[in-house]
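Notes follow once the structure below has been shown.
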Amino acid sequence: MAGGDHGKGAFIFGAKVAVVLRSKGNDDEIDWDASFDFEISVAEIVCEKDSADIIAKTIKDELTIGLKTIATQNLLVKLSVDDEGKETLSCFYPTSCVETGATGATVPIQAQLYIVGDLAMFGMVLGKEGMSGKWCHLCKMSGAEMSDLLKAGELWKGMEEMNEVVREHNAEVKKWKESRARKKSKNPPPPKLGMKYAPWWDFIPLEHYIVPLLHCEIGIGDLILSSFRNLVSEKIEYISTDEANVRRAKEEMEDRITHLQTQREAYKDSSDGKKLASLKAKVGRARKALTELGAIGEVPGVVKTSRKIVMDWNELFNKINSFVEDGIKDEDGLEGSIEDIAVAPPSQPAATATSTETLAAPATTDTVTSGTEAATAEPPTAAAAATAAAAAAAAAAA
């Protein structure tokens, strides 16, 4: 088996020799244990890309001589026995080897020569360079027809038929060059069935050009992968690596948020969480009370008050403090607000007092008796008393 391929900056042509031995006494049985094979490198061309022109100008002639010898001449197999009785098996062609003088029988056999390679190489040696994707190398089927897997192409009858097609094409090209049609069109007639020139080695039967199974498997794998990618592109959204990483990070962050929310809810149900919620509620109610008191304190007018009024406002402050600490609930059990206390201040007498007292007086303790009820009050601080006095004046004016 001989063939070549391009790779790693060189075109290499080699051969694999398989020696099949038959069992003694039974020519129909192969002795696989005794059979063997070996590989040899025949030629190498250093080139960036192989082509028919490069091969034709370098190794084609020498390759043709060697391959033609193998394909057309008998291989002589000789079993020699020396004086010590040692047996030696030698193989040679009459034109390439010289007898060694050892005695023994010589048997001629016809070696079977096969050509292996990829479709590009088959195209070069069969006269179809650059046509491997457009025409089959074994039949007359075009690339467009190959898409129908159930269709069988017409096989070439042999190398002679291929040579005949080339001769017909060359005749048409010659006629075109000599006719006036050449002036009208710069393109010569296209090759027939992909045949550009005569096959290089027409002494090797076409059926001995082995289909490259490795390349077929690679091609099938590429087709499966390409079809799968097309299906994914059609049915599934295609995203870049960066976008995939962002989406994955977003999912991880969402999971983290969910975990933190679960921890938060668990903390709310704990004793510490309930205490924190209570403190937050107190802060909120205190801010509401402060806001309402500030609004009352901004009422314009002359501030007139009495110790009775001061005592009533001390009661209001106590209610506000209770609201801040515990909140209030109405008769339906709903949470109340500071307006339920501040909007309706405690009852006050009409602002007819003849004496006006400053709320900044030293703190004293007075006892006021009304009917059967008694109350004890301590004047508030100056700031709180000012706010209360403003509210009292507003109420009296009303």
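Assorted remarks:
- Rg ratio (alpha-carbon, reference 2.2 N^0.38 Å) - segment 53-165: 1.58
- Two-site label geometry, Ile239 and Met1: point separation in nm, points 7 Å out along Cα→Cβ: 4.8
- In this structure Ile257 has an accessible area near 80 Å², from a 1.4 Å probe over the protein heavy atoms.
- Overall Cα dimensions of segment 116-175 - principal axes, largest extent first, Å: 38, 24, 20
- For the peptides 169-175, 246-252, 135-141, the ranking by mean Cβ contacts within 10 Å, running from highest to lowest, is 135-141, 169-175, 246-252.
- Cα centroid separation, segment 1-80 to segment 105-157: 18 Å.
- Links that overshoot a 30 Å alpha carbon limit, given the list Lys151/Lys192; Lys8/Lys186; Lys16/Lys128: Lys8/Lys186
- The residues of segment 1-155 present an accessible area of 65 Å² per residue when probed at 1.4 Å with all protein chains retained.
- By average C-beta atoms within 10 angstrom, highest first, the peptides 156-162, 111-117, 21-27: 111-117, 156-162, 21-27
- For segment 209-243 and segment 258-278, distance of Cα centres in Å: 54
- The order of the peptides 36-46, 278-288, 191-201 by mean Cβ neighbours within 10 Å, most packed first, is 191-201, 278-288, 36-46.
- Here the simple spin-label model places points 7 Å from the Cα toward Cβ, and for Asn321 and Ser35 these points are separated by 11.2 nm.
- Segment 1-83 - percent of accessible surface contributed by carbon and sulfur, probe 1.4 Å: 52
- Counted by Cβ distance under 12 Å from Cys136, the other residues give a net charge of +2, where Lys and Arg count +1 and Asp and Glu count -1.
- Annotation: extensible slack from Leu21 through Gln112 equals 31.3 nm (criterion: 0.36 nm per residue apart, minus Cα-Cα distance).
- Å² of accessible area per residue within segment 164-284, as computed with a 1.4 Å probe and no ligands counted: 81
- Rough spin-label spacing in nm, given labels placed 7 Å along Cα→Cβ, for Asp28 and Glu168: 4.6
The values are calculated or read from the model by the stated rules, or taken from the named source; none is laboratory data. Everything numeric here is computed off the predicted structure, so don't read it as measured data. Because the Cβ atoms are built from the backbone with ideal geometry, glycine has one as well, and the counts that use them run over all protein chains shown. Quick note on the areas: whole protein, heavy atoms, side chains included, nothing else; ligands and nucleic acids left out. Shrake-Rupley method; radii C 1.70, N 1.55, O 1.52, S 1.80 Å.
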